[in-house]
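Each remark here refers to the structure printed beneath this line.
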Amino acid sequence: MEKIEKIIKAFEEHYKDWDGVIIDIRGNTGGDGAISRKIAQALCGEEPPYCLKATKRKTKEAALREVGSPAVREQKEWTPKTFHGSHKVFVLIDSLTSSASESFVPMLKHYEKATFIGENTNGCCQYGGIKPVRLPCGGIVKIGTLFRTYEDGMVECVGHKPDINCQGRDALQVAFEEIQKEGKGKNH
């Protein structure tokens with residue numbers, strides 16, 4: 001976490017000096033959603049929503065989440081709005097982009113200068129507030145205690161779609177091509 005905090009701090013201190021940003025989250029299967037949130041907040045100027053709405057699930061298993069753990073963070077329904085920014089942002093995604101890393105898509109969806117390049121994400125973000133529950137047999141099952149609603153509907157096992165689908169091509173190369181297209185006609 002110390003290295004990640006340094007990266008976030010460097011991003012927050014220096015991104016305003018950059019013409020644009022490429023965020024490559026291909027192959028990232030998740031982790032701490034606070035990281036995505038901090039970077040998205042720096043770009044948007046305020047904390048963007050993680051989803052359209054998030055509610056606690058009303059199941060016995062989900063109630064176990066509250067025992068000995070902090071309560072999950074619900075999110076009231078968000079009314080979509082555009083986040084204006086001065087930085088062009090390319091977010092590179094693929095079929096392995098999951099969970100907390102996948103949250104970049106809905107958080108930056110309304111950032112007017114964001115473009116998602118690659119393939120559909122994994123679709124492992126509809127349920128959150130995961131609590132491992134030990135089974136009598138010794139195994140563990142992870143229970144999602146929060147249900148997230150997205151503008152795109154059900155994304156579990158479907159994923160979020162990119163703006164530019166380049167399946168079979170390197171998304172970074174496609175991002176460079178997009179930058180070159182935008183740069184033509186400008187004096188550099």
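For volume of the Cα convex hull per residue in Å³, the choices are [x] 114; [y] 145; [z] 133; which was calculated from the structure?
Among [x] 114; [y] 145; [z] 133, the one derived from this structure is [y].
Using the Karplus equation 6.51 cos²θ - 1.76 cosθ + 1.60 (θ = phi - 60°), what ³J(HN,Hα) coupling, rounded to whole Hz, does each residue of the stretch 17-26 give in order, writing x for Gly and Pro?
So the J values, rounded to whole Hz, are 8, 8, 6, x, 9, 10, 10, 9, 10, 4.
Quick check on packing: order 56-67, 118-129 by the mean number of other C-beta atoms within 10 Å, highest mean leading.
Listed from highest to lowest mean packing, they are 118-129, 56-67.
Please list the non-local residues whose amide H lies under 5 Å from the amide H of Tyr150, H modeled 1.01 Å from N, same-chain partners needing a gap of 5 or more.
Leu52
Among His84, Ser98, Ile117, whose Cα sits farthest toward the positive end of the charge dipole of the stretch 1-137 (+1 at Cβ of Lys/Arg, -1 at Cβ of Asp/Glu, about the Cα centre)?
Ser98
Please list, in chain and number order, the residues 5+ apart from Lys88 or on another chain whose amide H is under 5 Å from its amide H, with Hs placed from the backbone.
Val21
Using a Gaussian network model of the chain with C-alpha springs under 10 Å, which one of Ser99, Ser36, Ser86 is most mobile by mean-square fluctuation?
Ser86
What size of dipole, in debye to the nearest 20, comes out for the stretch 1-96 about its Cα centre when the only charges are +1 on Lys and Arg C-beta atoms and -1 on Asp and Glu C-beta atoms?
Around 500 debye, computed over the stretch 1-96.
In debye to the nearest 20, how big a dipole does the chain give about its Cα centre with +1 on each Lys and Arg Cβ and -1 on each Asp and Glu Cβ?
Computed charge dipole of the chain: roughly 640 debye.
Can you give me the angle between helix 2-14 and the longest principal axis of the chain, using Cα atoms only, in degrees from 0 to 90, rounded to the nearest 10?
Taking Cα atoms only, the helix is inclined about 40 degrees.
With a probe of 1.4 Å, find how much accessible area the chain has per residue, and write the answer as a whole number in Å².
Ligands and nucleic acids excluded, the figure is 58 Å² per residue.
Heavy atoms only, probe 1.4 angstrom, no DNA, RNA or ligands counted: give me Asp163, Asp17, Asp170 ranked by accessible area, highest first.
Largest accessible area first, the list is Asp17, Asp163, Asp170.
Expressed as a whole percentage, what fraction of the accessible surface of the chain belongs to carbon and sulfur atoms when a 1.4 Å probe is rolled over the protein heavy atoms?
Accessible surface attributable to carbon and sulfur in the chain totals 51 percent.
Could you go through the stretch 92-109 in sequence order and give the Karplus-derived ³J(HN,Hα) for each residue, using 6.51 cos²θ - 1.76 cosθ + 1.60 with θ = phi - 60°, rounded to whole Hz, and x for Gly and Pro?
Computed from phi, the couplings for the stretch 92-109 are 8, 10, 8, 5, 9, 5, 9, 6, 4, 5, 5, 5, 4, 5, x, 6, 9, 4 Hz.
Of the cross-linked pairs Lys16/Lys81; Lys9/Lys38; Lys9/Lys81; Lys38/Lys161; Lys109/Lys142, which ones have a Cα-Cα span greater than 19 Å in the structure shown?
Lys16/Lys81; Lys9/Lys81; Lys38/Lys161; Lys109/Lys142
Which angle between 0 and 90 degrees, to the nearest 10, do you get for helix 33-44 versus the longest principal axis of the chain when only C-alpha atoms count?
40
In deg cm²/dmol and to the nearest 500, what is the mean residue ellipticity at 222 nm of the chain if only DSSP H runs of at least 4 residues count, each as -39500 (n - 2.57), divided by the residue total?
-7500 deg cm²/dmol
I want to verify a result. In a Gaussian network model of the chain, Cα cutoff 10 Å, which of these has the top mean-square fluctuation: Val155, Val89, Val141?
In this elastic network of the chain, the residue with the biggest mean-square fluctuation among Val155, Val89, Val141 is Val141.
The values are calculated or read from the model by the stated rules, or taken from the named source; none is laboratory data. Computed from a prediction, not measured in an experiment: that's the story for all the values here. Glycine gets a Cβ as well: all are built from the backbone with ideal geometry, and neighbour counts include every protein chain shown. Calculation scope for accessible area: heavy atoms of the full protein, side chains included, ligands and nucleic acids excluded. Shrake-Rupley method; radii C 1.70, N 1.55, O 1.52, S 1.80 Å.
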